[in-house]
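**Student:** Handing you this structure, nothing more for now.
Read-outs throughout are calculated quantities, based only on the coordinates presented, and are distinct from any laboratory measurement. This is a predicted model, so every value here is computed, not measured. Every residue, glycine among them, receives a Cβ derived from its backbone with ideal geometry; neighbour counts consider all protein chains shown.
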Amino acid sequence: MPGPFAAFKWVALLNEWQTFAEGFLHTILISFCGLVLALMLGILFGILGSSQWRLAKLANRCYVELIQNTPLVIQIFFLFNALPRFGIMLPVFSVGVLGVGIYHGAYIAEVIRAGIQAIHKGQMEAALSQGFGYWSAMRHIILPQAKRVVYPPLTNQAVSLIKNTSVLAMIAGGDLMYNADSWSSSNLYYGPAYVVTALLYLIICYPLTRAARWLERKAEVTA
């Protein structure tokens with residue numbers, strides 16, 4: 001009986017490489033759009049969480065606690081199956097972007113909040129005394145200083161987001177993991193399919209992990 005990595009299985013995979021290429025490109029696109037959404041939500045709720053307004057802090061905690069304490073699989077399932085019950089029909093691509101974006105936005109919000117709180121409160125007081133509003137002070141004074149602190153963990157969140165796109169396989173998301181599962185389930189060539197899938201994820205994620213380490217070393221030197 002041939003093993004899971006028999007040569008003819010690799011030949012079959014090479015003959016149908018387009019399936020994996022399409023999933024690879026789809027994963028990159030979902031990851032990029034999801035990361036943009038996660039950054040927008042993370043910055044917004046990170047600022048709310050570091051503010052002195054009680055309602056702003058409450059909004060931050062409700063969002064962060066709800067998302068961080070429920071599995072991403074359940075959140076994707078809700079977006080895909082529950083929203084249509086309310087008349088909201090979304091394409092699978094949008095479900096994927098919303099799912100990973102909202103999920104990682106909660107983690108990025110905590111990263112941003114910690115970065116802002118690492119800046120001495122005198123910086124905000126000085127900005128306000130010079131006529132800046134709260135949001136303009138955040139934009140021009142606080143966030144530019146906080147970015148040195150938050151870049152490394154943000155890069156790690158980007159890596160996690162890319163890997164978590166594999167959850168979309170459960171809703172036929174067209175991502176790399178879904179295409180690999182679909183292709184291998186028709187012929188049972190799971191060995192080569194998963195090896196190639198892992199390598200393709202590595203191609204995306206490894207440069208980001210190296211960038212995170214470089215940013216951490218740079219932050220230590222300039223601290």
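**Student:** Straight distance only, please: which aspartates and glutamates reach the Cα of K147 with their own Cα at less than 14 Å, same-chain residues fewer than 8 apart left out?
**Tutor:** Reachable aspartates and glutamates: E110, E216, E220.
**Student:** Measure out, as a whole number of angstrom, how far apart the alpha-carbon centroids of segment 167-223 and segment 1-34 sit.
**Tutor:** The distance from the Cα centre of segment 167-223 to that of segment 1-34 comes to 12 Å.
**Student:** Does segment 117-219 come out rounded, prolate or oblate, given a ≥ b ≥ c as the square roots of the eigenvalues of its C-alpha gyration tensor, rounded meaning a/c under 1.5 and, failing that, prolate meaning a/b above b/c? Before the final figure, lay out each step's value.
**Tutor:** Numbers: a/c = 6.32, a/b = 2.80, b/c = 2.26.
Prolate, because a/c is 1.5 or more and a/b exceeds b/c.
**Student:** What angle, in degrees between 0 and 90 and rounded to the nearest 10, separates the Cα long axis of helix 143-164 from the longest principal axis of the Cα atoms of the chain?
**Tutor:** Approximately 20 degrees, to the nearest 10.
**Student:** Okay, next question. Please name which of F78, F8, Y151 has its Cα lying farthest along the dipole of the chain towards the positive end, using unit charges on Cβ (Lys, Arg +1; Asp, Glu -1) and the Cα centre as origin.
**Tutor:** Looking along the dipole axis, the top candidate is Y151.
**Student:** State to the nearest 20 debye the size of the charge dipole of the chain about its Cα centre, where the only charges are +1 on K and R beta carbons and -1 on D and E beta carbons.
**Tutor:** On the way: 15 positive and 9 negative charges, 144 e Å.
For this selection, approximately 700 debye.
**Student:** Considering the dipole of the chain built from charges on the beta carbon (Lys and Arg +1, Asp and Glu -1) around the Cα centre, which of V167, A180, A106 is farthest to its positive end?
**Tutor:** Working it through, the farthest residue towards the positive pole turns out to be A106.
**Student:** Along each of its three principal axes, how wide is the spread of alpha-carbon positions in segment 7-222, in whole angstrom units, largest first?
**Tutor:** For segment 7-222, the Cα spread along each principal axis is 71, 49, 24 Å.
**Student:** Same structure, new question: Could you calculate the contour length gain from A59 to I88, that is, 0.36 nm times the residue separation minus the distance between their Cα atoms, to one decimal place in nm? Please report the intermediate quantities before stating the final value.
**Tutor:** Details: separation 29, 0.36 × 29 = 10.44 nm, distance 2.39 nm.
In short, 8.1 nm is gained.
**Student:** What is the angle, in °, between the Cα long axis of helix 190-222 and the longest principal axis of the Cα atoms in the chain? Nearest 10 is fine, range 0 to 90.
**Tutor:** 20
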